Amino acid sequence: MAAIFIAEVFRYFLAFLLFFAALGKYRTFSQFQTNLTESLGLGRGFSAWLAPALVGLEFGLALLIVAGIAFSYQGMLAALLLFSCFTAFIGYKYVKEGIVKCSCFGESERSVSGFDLLRNVLVILSAAFYLAFAGAADMAWPALLTAAALALILTVIAIEFHDLAMLLVHSSKGYV
């Protein structure tokens, strides 16, 4: 039962994370499109097509994941594929070029860090956990609301993961 509850937390977590990722890209849309072209090396025409497609895909997956157990599983499978491909691509660019801007959650000026890649690996693992243990069709509403509340906390931590990790690094060195 605990694994099913944790899977539900991860289901809401990925839905919230995808929603806020899409919202961040939408809010800084022109910079997101520029980052696709300049930082990731994609052509202008392809970036003009890809930018709205990614925003729409993230919004759509967020809705699909919260829609219900049958749709959630398919949405989570797609989110796992999306995060895996994206993390592999960004990780490759990060190792190859060092400085990559991806507009994660609307942060269009900050470069990707190892902490961002670690966050994405943890997101991938949470999606895989959900896929392995999904089965909340009979969970009571209070349990689902609790799972959603915990997922919101995880979402805030994930969105601010780089800053939190840097704060911990600096505080351990006595800089804070």
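The values are calculated or read from the model by the stated rules, or taken from the named source; none is laboratory data. This structure is a prediction, so every number in the text was calculated from the model and none was measured. Please note: Cβ atoms are built from the backbone with ideal geometry, for glycine as well, and neighbour counts cover all protein chains shown. The protein model used for the area step is the full one, side chains on, heavy atoms only, and it has no ligands, DNA or RNA in it. Shrake-Rupley method; radii C 1.70, N 1.55, O 1.52, S 1.80 Å.
The residue among Tyr175, Val123, Ile159 whose Cα reaches farthest toward the positive pole of the charge dipole of the range 91-176, with charges on the beta-carbon of Lys, Arg, Asp and Glu, is Tyr175. The value obtained for the range 14-80, namely the Cα convex hull volume divided by the number of residues, is 76 Å³ per residue.
Ligands, DNA and RNA left out, the 1.4 Å accessible surface of the chain is 73% carbon and sulfur atoms. Rounded to the nearest 500, the 222 nm mean residue ellipticity of the chain from helices alone is -27500 deg cm²/dmol, with -39,500 (n - 2.57) taken per DSSP H run of at least 4 residues. Dipole orientation for the chain: of the candidates Cys104, Tyr26, Phe89, Phe89 has the Cα lying most toward the positive pole (charges on Cβ; Lys, Arg +1; Asp, Glu -1).
Between Ser111 and Ile153, the modelled labels are 3.5 nm apart [label points 7 Å from Cα along Cα→Cβ]. Distance between the C-alpha centres of the range 89-108 and the range 4-53: 12 Å, rounded to the whole angstrom. Roughly what angle does helix 2-27 make with the longest principal axis of the chain, taking Cα atoms, 0 to 90 degrees, to the nearest 10? Taking the Cα atoms of the chain, the angle to 2-27 is about 40 degrees. Counted residue by residue at 0.36 nm each, then reduced by the alpha carbon distance between them, the extension gain from Leu57 to Ala128 reaches 23.6 nm.
The mean sequence separation of alpha-carbon pairs under 8 Å and at least six residues apart, normalised by the residue count of the range 5-77, gives a relative contact order of 40 percent. Over the range 53-163, Cα pairs under 8 Å with separation of 6+ residues give a relative contact order of 25 percent. The H on the amide N of Val100, modeled in the peptide plane, is under 5 Å from the matching H of Val112, each at least 5 residues off or on a different chain. Heavy atoms of the protein chains alone define the surface here; on that basis the chain has 52 Å² accessible area per residue at 1.4 Å probe size. The calculated FRET efficiency for Ala3 paired with Leu167, based on their beta-carbon distance and R0 = 30 Å, is about 0.40. Placing +1 on the Cβ of every Lys and Arg and -1 on the Cβ of every Asp and Glu, with no other charges, gives the chain a dipole of roughly 300 debye about its Cα centre. Volume of the convex hull of the chain (Cα atoms only), normalised per residue: 121 Å³. Highest average first, the peptides 21-28, 88-95 ordered by how many other beta carbon atoms sit within 10 Å of their residues are 21-28, 88-95.
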